[in-house]
1. Pull out all pairs, ordered by first then second residue, where Cβ-Cβ is under 6 Å, the residues are six or more apart or on different chains, the first lies in segment 108-121 and is within 14 Å of ligand 2 (Cβ to nearest atom), and the second is among the polar types (S, T, N, Q) and open to solvent by 40 Å² or more (accessible area, probe 1.4 Å).
2. Pick out the one residue from Ile38, Ile79 that is surrounded by fewer than 14 Cβ atoms within 10 Å (Cβ to Cβ), within 16 Å of ligand 2 (Cβ to nearest atom) and closer than 30 Å to Ile19 by Cα.
3. Given the conditions (1) within 15 Å of ligand 2 (Cβ to nearest atom); (2) surrounded by 12 or more Cβ atoms within 10 Å (Cβ to Cβ), report the number of the one that Glu58 does not fulfil.
4. Take Leu100 and tell me if it is under 20 Å from Gly120 (Cβ atoms), aliphatic (A, V, I, L, M), within 12 Å of the chain's Cα centre (by Cα) and surrounded by 15 or more Cβ atoms within 10 Å (Cβ to Cβ).
5. Would you say Pro92 is under 19 Å from the mean Cα position of the chain (by Cα) and modelled with pLDDT of 95 or more?
6. Quick check on Lys82: is it in contact with a helix residue (DSSP H, G or I) (Cβ under 8 Å, 6 or more places away or on another chain), assigned to a loop (DSSP other than H, G, I, E, B), charged (D, E, K, R) and under 23 Å from Lys134 (Cα atoms)?
7. Could you say which residue among Lys45, Lys84 is more than 20 Å from Cys119 (Cα to Cα) and among the basic types (Lys, Arg)?
8. Give segment 94-123 a look and list any residue that's more than 9 Å from ligand 1 (Cβ to nearest atom) and in a helix (DSSP H, G or I), or say none.
Amino acid sequence: MATKRLVLTFPEKIVTKPITYRLVKDFDIQFNILRAEITADIEGKILLELKGDKDKIEAGINYLLSEGITIQDASKDIIIDKEKCVNCGLCPSLCITKALIINRQSYELVFEKNKCILCGFCENCCPVNAIKLKI
Ligand code: SF4
Ligand code: SF4
């Protein structure tokens with residue numbers, strides 16, 4: 001079984017369509033919604049984790065694209081500038097998924113992308129702006 005984590009951006013005209021329902025029904029894909037928001041200009045954004053057969057996930061992604069949805073690979077959406085980071089430990093204390101931790105031997109920040117749900121807490125708290133997140 002394959003797993004993919006994606007950020008979907010829905011334009012206003014399809015924000016109420018049962019898109020995720022179709023992923024289950026037509027492509028046999030399981031999904032978890034890790035985060036969802038509607039922006040001020042009524043654009044919808046969802047962070048989804050998809051699980052299923054690799055070919056069916058690809059077919060499901062093609063379906064999403066055909067509906068006008070913009071897709072980003074979620075694993076590429078957070079960047080930590082190691083030069084700026086002073087390993088203060090603030091962001092790990094706020095990271096609910098433990099994607100950010102301070103290594104007990106080196107006292108350096110460690111990031112595990114596969115645990116990140118792109119909540120944005122770390123970006124907002126960093127005193128030296130070492131974290132950039134785009135969703
Ligand atoms: S965006 Fe959220 S989950 Fe991801 S590393 Fe930052 S605090 Fe942790
Ligand atoms: S809050 Fe910023 S400076 Fe502190 S550990 Fe996190 S990334 Fe580094």
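1. Glu108/Asn87; Leu109/Asn87; Val110/Asn103
2. The conditions single out Ile79.
3. (1)
4. In short, no.
5. yes
6. no
7. Details: Lys45 fails: more than 20 Å from Cys119 (Cα to Cα).
It is Lys84.
8. Passing the criteria: only Asn114.
The values are calculated or read from the model by the stated rules, or taken from the named source; none is laboratory data. Since we're looking at a predicted model, the values are computed, not measured. Heads up, the Cβs are rebuilt from the backbone with ideal geometry, glycines too, and the neighbour counts pull from every protein chain shown. Areas reflect the complete protein model, heavy atoms only, side chains present, ligands, DNA and RNA absent. Shrake-Rupley method; radii C 1.70, N 1.55, O 1.52, S 1.80 Å.
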